[in-house]
Amino acid sequence: MTTPQTATAERSFWIGFTILAALILLVLPLMLDVFRLNLVGRYLTYAFVAVGLVLCWGYGGILSLGQGVFFGLGGYCLAMFLKLESSTPEATAIQSTPGIPDFMDWNQITALPWFWEPFKSLPVALIAIVVVPAVFAYVIGVAMFKRRVGGVYFAIITQAIAAIMTILIIGQQGYTGGINGITDLRTLLGWDIRTDSAKTILYFVNALLLLATLVLARWILTSRLGRILVAMRGKEDRVRFSGYSVANFKIFVFCVAAAMSGIGGAMFTLQFGFMSPSFVGIVPSIEMVIFAAVGGRLSILGAVYGALIVNWAKSIFSEAFPELWLLAMGGLFIAVVMAFPNGLAGLYSVYVAPMLPRIRAWAMSTRGLPARDTDGQISKPGVTHAR
Amino acid sequence: MFEGYTLGEIGSIFAMQGFAGLILFSVFVLMALGLAIIFGQMGVINMAHGEFMILGAYVTFVTSNVFADSMPALFGGYFFVAMVLAFFIAAGVGAFVEWAMIRHLYHRPLDTLLATWGLSLILQQIFRSVFGAREVGVTLPDWLMGSFGLTDLIEVPINGLFVMALTLLISFVVYLILFRSRWGSQSRAVVQNRAMAGAVGIDTGRMDRLTFALGCGIAGVAGSAFTMIGSTGPTAGQLYIVDTFLVVVFGGAQSLLGTIASAFVISQSQSTMEFFLSGSMAKVLTLLTVVVILMLRPQGLFSLKLRR
């Protein structure tokens with residue numbers, strides 16, 4: 001149904017989307033050198049996770065403290081492929097077992113483990129980037145949501161899963177590369193990913209994928225599914241009594257968020273040439289929540305800005321005042337919860353958005369044009385589109 | 001796996017691992033008791049719980065230094081002073097945090113989680129600025145050092161025994177406070193039915209603050225006890241937080257007895273497995289088992305029968 005309000009919301013989303021697209025596709029690439037642009041690319045990979053969190057936490061009411069696991073799974077899927085590609089028997093001739101990744105050789109492993117075998121093929125790896133996190137999320141989701149476990153318990157269990165995953169990756173270093181992760185990734189199908197031009201191209205691939213993710217998220221939220229999510233967050237029981245399977249919707253949105261995180265992780269691996277357990281554990285996972293919270297837990301565009309701003313501040317702070325960063329981060333967590341729970345997007349809609357019509361009216365009047373009505377939209381009575 | 005061992009040696013190995021498990025059990029109980037009060041009873045997710053323990057540990061560290069410098073004659077007894085100080089300082093900080101932050105967030109549990117995580121980061125940085133990034137350890141008084149041998153193969157460290165005795169004592173005191181004192185029954189009344197508790201004249205806001213402070217104080221004592229068996233660093237608190245929450249949730253959040261039982265199960269299985277597997281795999285397997293059981297039985301091992 002298109003009402004004047006949803007039409008305005010629709011329009012303001014697309015305006016915001018265009019501004020964001022212009023920012024990450026034009027402004028930032030023109031302003032920054034390759035090194036800084038690469039850093040922005042890194043922040044944008046976190047934005048995938050943040051967008052996923054807006055869907056499942058902001059709209060679905062499911063706070064997952066284990067999104068780093070999915071980020072890591074996606075990243076590792078691609079890293080395994082890239083590692084195998086660079087571990088040709090010729091390149092690894094000095095090892096006691098040529099043709100397997102170097103860290104396996106260091107750990108006295110003499111044959112490629114079975115779960116590495118499928119990752120010799122790029123299509124399999126690419127599918128795995130999305131499917132592995134989604135399937136893992138599905139298993140967790142079915143186990144938890146079918147038993148109506150939610151809220152706090154879900155958060156604690158996902159956090160425990162993040163901890164288990166980190167310990168497992170670090171402990172099994174022969175199979176996973178251990179605490180250093182899978183490093184020294186050089187080429188993708190023979191294309192050197194370490195050059196400046198490759199990094200620039202990958203930045204744009206990353207940015208376009210993120211924009212596509214945003215469109216997908218927007219589509220999910222404006223569909224009937226999105227409304228059920230909002231309804232569930234408000235009064236879960238009523239949705240259940242209305243005949244909807246609450247668990248299935250939660251599982252779905254959790255899987256979507258996981259898949260998005262997986263794509264982000266894979267793009268991270270491509271742009272930085274490594275993946276390590278330091279993106280999987282409790283601390284990175286909860287930091288990803290703060291990106292979404294700062295941007296605004298109900299705004300998918302805000303999530304991107306949240307990821308950009310928090311990480312940008314982090315790199316500025318930790319370069320200049322390393323000891324202040326944790327204090328600032330801690331203060332940010334507290335402030336975002338206590339003072340502005342809807343984040344930047346909330347501040348925008350409370351303080352900036354109401355001024356826009358006035359600014360527009362003022363701009364029009366200075367140019368001698370008649371001002372339009374307050375929301376700039378002429379509603380057409382009698383024309384409603386039932387879905 | 002057991003080739004070359006005699007039956008007696010295998011028995012000794014299990015006894016030693018069992019004892020190591022008992023020490024781990026004491027540690028888990030100490031960590032979890034405070035959280036069981038805050039999370040289980042009040043429903044507040046305090047992610048800074050680990051930092052309250054570290055606060056207690058640093059208080060002990062400072063006290064031991066003060067005693068060593070100014071009254072070496074009394075050094076043997078510093079630990080008891082430190083424990084009391086740790087309790088009151090952690091409880092005081094806890095009461096302040098409740099007043100400044102938590103009381104505004106009781107109806108938003110997930111947000112409490114984020115806010116207390118922020119608090120934990122701030123506390124970590126404060127610890128790092130004050131005490132440095134390196135781990136510190138306390139000097140044990142003479143009477144806590146060494147071990148005595150039960151048989152030729154089984155040796156029991158004294159500090160481990162002391163921590164175990166301390167755990168028993170603290171659990172008993174918590175039981176007395178919560179279930180045998182007037183204050184405890186008021187506190188439980190607030191937890192069970194806030195409106196009715198208020199209606200019969202209990203100051204619910206004050207009870208919340210004191211209950212939270214009690215939980216934090218116990219965390220401080222736990223941290224104080226940890227200095228007996230390990231060193232303390234500014235980020236050590238984060239290492240405990242997952243274990244602690246799992247212990248509390250696994251035991252059934254509302255039940256203190258369940259918390260103790262689950263601490264026993266988790267610690268024994270972990271320390272027994274540690275002998276057969278590497279430490280990290282033992283931990284993975286234990287945590288994974290707990291998580292899977294929790295997925296199958298979300299209410300935990302011991303749950304009160306409540307009408308929801």
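The values are calculated or read from the model by the stated rules, or taken from the named source; none is laboratory data. Note that the structure is predicted; figures quoted are calculated from it, not measured. No Cβ is skipped: glycine too gets one built from the backbone with ideal geometry, and neighbour counts run over all protein chains shown. Accessible surface areas use protein heavy atoms only, side chains included; no ligands, DNA or RNA. Shrake-Rupley method; radii C 1.70, N 1.55, O 1.52, S 1.80 Å.
Summary table below
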| read-out | value |
| --- | --- |
| Accessible surface of A:Tyr348 - all protein chains present, 1.4 Å probe, nearest 10 Å² | 110 Å² |
| Label-to-label distance, nm, for residues given as B:Glu155 and A:Thr18 (7 Å Cα→Cβ offset) | 7.7 nm |
| Where B meets A: accessible area buried, both sides, 1.4 Å probe, Å² | 3400 Å² |
| Diffusion constant of the protein assembly as shown at 25 °C, which comes from Stokes-Einstein with the Kirkwood Cα-pair radius and 0.890 mPa s, µm²/s | 89 µm²/s |
| Estimated [θ] at 222 nm from DSSP helical runs (n ≥ 4, -39500 (n - 2.57)) normalised by residues in chain A, nearest 500 | -22000 deg cm²/dmol |
| Relative contact order (%) - chain B, alpha-carbon pairs under 8 angstrom, separation at least six | 35 percent |
| Highest-fluctuation residue, B:Val249, B:Val130, B:Val138 considered, GNM on chain B with Cα pairs under 10 Å | B:Val130 |
| Distance in nm between pseudo-label sites at B:Ala195 and B:Leu168 (7 Å out along the Cβ direction from Cα) | 4.6 nm |
| Computed accessible area, B:Phe172, all protein chains, 1.4 angstrom probe, square angstrom | 120 Å² |
| Cα gyration tensor shape of the range A:157-301, rounded if a/c is under 1.5, else prolate or oblate by comparing a/b with b/c | oblate |
| Label zone at A:Arg224 (point 7 Å along Cα-to-Cβ), backbone N below 19 Å, the range A:238-255 | A:238-253 |
| Global geometry of the range A:112-184, whether rounded, prolate or oblate, following the gyration tensor of its Cα atoms and the 1.5 cut on a/c | oblate |
| Members of A:Lys146/A:Lys235; A:Lys83/B:Lys283; A:Lys83/A:Lys120 lying beyond 21 Å, as alpha-carbon distances in this model show | A:Lys83/B:Lys283 |
| Contour excess over end-to-end distance, with Cα ends at B:Ser278 and B:Met145 and 0.36 nm allotted per residue | 45.1 nm |
| Sparse-neighbourhood loop sites, chymotrypsin sites (Phe, Trp or Tyr not before Pro) in the range B:1-87 - DSSP loop, at most 12 other Cβ within 10 angstrom | B:Phe2, B:Tyr5 |
| Length gained when the stretch A:Arg233-A:Ser245 is fully extended (0.36 nm per residue, less Cα-Cα span) | 3.0 nm |
| C-alpha long axis of helix A:151-171 to longest principal axis of chain A, angle in ° | 30 degrees |
| Crossing angle, helix B:109-131 versus chain B [Cα axis fit, 0-90 degrees, rounded to tens] | 50 degrees |
| At R0 = 22 Å, FRET efficiency that the Cβ-Cβ distance of B:Tyr106 and B:Ile177 yields, to 0.05 | 0.50 |
| Surface accessible to a 1.4 Å probe, B:Arg103 within the full protein complex, Å² | 100 Å² |
| Two-decimal ratio, chain B, of alpha-carbon radius of gyration to 2.2 N^0.38 Å | 1.03 |
| MRE, 222 nm, helices only [DSSP H, n ≥ 4, -39500 (n - 2.57), over chain B, to nearest 500] | -23000 deg cm²/dmol |
| Förster radius 45 Å - calculated FRET efficiency between A:Arg360 and B:Arg188 (Cβ-Cβ, nearest 0.05) | 0.15 |
| Heavy-atom accessible area order for B:Ser70, B:Ser147, B:Ser224, largest first, 1.4 Å probe | B:Ser70, B:Ser147, B:Ser224 |
| Accessible solvent surface per residue of the range A:4-364, calculated while the other protein chains remain in place, 1.4 angstrom probe, Å² | 41 Å² |
| Taking the range A:4-364 and dividing mean pair separation by its residue count, relative contact order in percent (alpha carbons under 8 Å, at least six apart) | 32 percent |
| Residue with peak Gaussian network fluctuation, chain A [Cα springs, cutoff 10 Å], from A:Leu208, A:Leu356, A:Leu347 | A:Leu356 |
| A:Ala9 versus A:Met31: modelled label distance in nm, points set 7 Å from Cα along the beta carbon direction | 3.0 nm |
| In degrees, nearest ten, helix A:122-145 long axis to first principal axis of chain A (Cα) | 70 degrees |
| Residue of B:Gly118, B:Gly217, B:Gly252 that the Gaussian network model of chain B assigns the largest fluctuation, springs spanning Cα pairs under 10 Å | B:Gly118 |
| Rounded, prolate or oblate (a/c below 1.5 giving rounded, otherwise prolate when a/b exceeds b/c) for chain A by Cα gyration tensor | prolate |
